[in-house]
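Throughout, read-outs are computed from the coordinates displayed, never taken from laboratory work. Just so we're clear, the structure is a prediction, and the values are computed from it rather than from any experiment. FYI the Cβ positions are ideal-geometry reconstructions off the backbone, even for glycines, and counts take in every protein chain you see.
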Amino acid sequence: MASLLDTVEHAQVAERVSAGRSWLQGLDPRAKVASTLAVILAATLSRRLTPLVVLLAMGLATALASSIPLRRLAFRVWLPTLLFTGAIVLPALFLTPGEVAYRLPELGWAVTVPGSRTAALLVARVLTAATFATLLLLSTPWNHFLKALRILRVPTVFVVILSMTYRYLLVMLETASAMFESRRSRLVARLSGREWRSLTTATAGVLLEKSLVMSNEVHQAMLARGFRGEAYTIDEFRMRPADWVWTLAIPVLAFAAVWLRR
């Protein structure tokens, strides 16, 4: 229950941050989407660590200028990214042939210099891409983000899937939380392991059945309110000089950093 409620709270915090009046929140959503895609592409193409460090520093500076909490970035983005990506690249430290940089005591496993560079490069790429993607989502209201995707000619089916997933996940989280709370309120004694397993299996089955029914209800409710795959908002997007500067300057700086270090 705590994990589910924490996820809902994270979505609410994202909405509050995106409604702020700081630097990144004031930019046109199209400018932010285009520049973020350019930075992610530049980070993916980079073959050296220095440009990625520069891009990551740019992301940190942007977060500070936009009043986006670094603590949230650290615990929501950087820590999971380091753990997940680190687990993937860990074998490369020992399996990549090359000059030995360090040997693990007792085990004697050799950490090679090429393996360390490969692991650091991959982790830096993922950290940079995840940081800029998170900054985009935290600084842009969800309906504005979807509208920007359609203006940039992203296929309608992709936008529909994103929209449905976002709305449906929040609904399912609230439903699961209510089911867990209802179950706790009806327990008056400690259950055995067999009873817990039976109860967990039954809960999962009921939740799956509810999800199938609710997915149709959510979609029908969206259609009844005029949703046809296009994201409409009351706000009209207008590119100002600051938006054009951001749209052009950030991709140029990103690709310049990558190209100069090749």
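A few points about this structure:
- Here the relative contact order of region 3-137, from alpha carbon pairs under 8 Å that lie six or more residues apart, stands at 31 percent.
- Fully extended contour minus Cα-Cα distance, from W109 to R167, at 0.36 nm per residue: 16.1 nm
- Each Lys or Arg adds one and each Asp or Glu subtracts one; over the other residues with Cβ under 12 Å from the Cβ of A110, this totals 0.
- Taking a sphere under 14 Å around the Cβ of V33 and counting the other residues whose Cβ falls inside, with K and R at +1 and D and E at -1, yields a net charge of +3.
- Rel. contact order, % - alpha carbon contacts under 8 angstrom, at least six apart, the chain: 35 percent
- Ordering of 187-194, 70-77, 251-258, 150-157 by packing is 251-258, 70-77, 150-157, 187-194, highest average first (other Cβ atoms within 10 Å, averaged per residue).
- About the Cα centre, charge dipole magnitude for region 2-252 (Lys/Arg +1, Asp/Glu -1 at Cβ), debye: 20 debye
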